[in-house]
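Below: one structure, written as structure tokens.
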Amino acid sequence: MKVTIVGAGAVGASCAEYIAIKNFASEVVLVDIKEDYAEGKAMDLMQTSSLLGFDTRITGSTNDYSKTANSDIAVITSGIPRKPGMTREELIGINADIVKSVSASLIEHSPNVTLIVVSNPMDTMTYLVHKTTDLPKNKIIGMGGALDSARFKYRLSEALDAPQSDIDGMVIGGHSDTGMVPLTRLATRNSVPVSKFISKERIDEVSEATKVGGATLTKMLGTSAWYAPGAAVSSLVQAIACDQKKMFPCSALLEGEYGLSDLCIGVPVILGKNGIEKIVELELDDAEKSKLKESAEGVSKVNDLLDLKK
Ligand SMILES: NC(=O)c1ccc[n+]([C@@H]2O[C@H](COP(=O)([O-])OP(=O)(O)OC[C@H]3O[C@@H](n4cnc5c(N)ncnc54)[C@H](O)[C@@H]3O)[C@@H](O)[C@H]2O)c1
């Protein structure tokens, strides 16, 4: 199993580290445009191999895509992250050009690759890859909901004073401060609805804290977060590489599901060796449906900013 990660920055390197520690991939190739940067990150990570006990071989390359040939899975984290006060949508101009050229180079050397898009604004970047490449739709996956759901579970565990392993919850919708839809009605502690443990006001606070989870960290760190994003990507890569058939909310191209079409947005999907093997349609209540519709309108507005002429 060969995995390429383009962008050896904060998220890309953290993702490579978690994939290596989980020890399921034979090879990880890091690619970056900065001279020697990916090679340096790869060397540093390889020097943890005997200490951490993994056998994954990590190599680096400065923009030489021949080194990525025949990758099974590739992750696109190349681009600029947001600074405090910025929205993810403000990154569109620079990142769209980067994502378009990087996805073309990856596919040229690995025509059967499954792509995971991380660069922001992620739903729009995922849509861009659908529009500008010939990959089948099950092989283009946007990572956002897995991270947002992990942040939701973290906030719920705090509010319930419960371990995260007791908590289940999911965030669907667009990967943006206003677009996320934390499914509070369906969140549980060991199958018991969280509303049995905390008030509606507290649940609303959790929901709001989840939606601005990325912005909160960006303000604290001066750049966007990387540990949880890297871990979330590594979980998607593992689900595909190991054919786990696990369910994650991912940005997927919708063609009528949830009454939406011609956009990529976060919905629960089953991930296995064929990438997105199924889009799971939940029975949402009216309030959830209208939040998802509003979120989709926001994503479509950002998509409209793309120059989709090839
Ligand atoms: N989807 C999510 O949930 C999520 C979470 C966190 C970050 N992000 C996004 O991921 C992206 C990366 O974030 P980061 O914190 O790792 O940023 P970073 O600046 O640490 O790393 C980005 C790397 O991309 C490289 N790069 C730029 N252009 C390139 C090109 N054409 N080819 C190859 N490499 C190139 C840069 O040299 C840099 O090393 C940002 O767009 C950020 O907003 C998304």
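The values are calculated or read from the model by the stated rules, or taken from the named source; none is laboratory data. Not measured: the values here are computed from a predicted model. Positions of Cβ are generated from backbone atoms using ideal geometry, with glycine treated the same way; all protein chains shown enter the neighbour counts. Remember, those area values only see protein heavy atoms, side chains included, never the ligands or the DNA or RNA. Shrake-Rupley method; radii C 1.70, N 1.55, O 1.52, S 1.80 Å.
A few remarks follow.
- Segment Asp304-Met220, length gained on full extension (0.36 nm per residue, minus Cα span): 27.1 nm
- Rounded if a/c under 1.5, otherwise prolate or oblate - region 145-303, Cα gyration tensor axes: rounded
- Over the Cα atoms of region 2-144, the radius of gyration divided by the Kirkwood radius equals 0.96; this is the Rg/Rh ratio.
- Degrees between helix 37-46 axis and first principal axis of the chain (Cα, 0 to 90, nearest 10): 80
- Modelled FRET efficiency - R0 51 Å, Lys289 with Gln47, Cβ distances, 0.05 increments: 0.50
- Accessible-area composition of region 130-281, carbon plus sulfur, in percent [1.4 Å probe]: 50
- Shape of region 223-265 from the C-alpha gyration tensor: oblate (a/c of 1.5 or more and a/b not above b/c, with a ≥ b ≥ c the square roots of its eigenvalues).
- The simple spin-label model puts a point 7 Å past each Cα toward its Cβ; for Ser101 and Glu255 those points are separated by 3.2 nm.
- Taking each of Lys2/Lys278; Lys2/Lys83; Lys246/Lys273 in turn, the alpha-carbon distance tops 21 angstrom for Lys2/Lys278; Lys2/Lys83.
- Charges were assigned to the Cβ only: +1 to each Lys and Arg, -1 to each Asp and Glu. The resulting dipole of region 2-144 about its Cα centre is roughly 340 debye.
- Aspartates and glutamates whose Cα lies under 14 Å from that of Lys22, excluding same-chain neighbours fewer than 8 positions away: Asp55
- The chain: proportion of alpha-carbon pairs further apart than 28 angstrom, %: 35
- At full extension, Thr87 and Asn190 could sit 33.6 nm farther apart than now, given 0.36 nm per residue minus the alpha carbon distance.
- For the pair region 79-124 and region 209-236, the centres of their Cα atoms are 17 angstrom apart.
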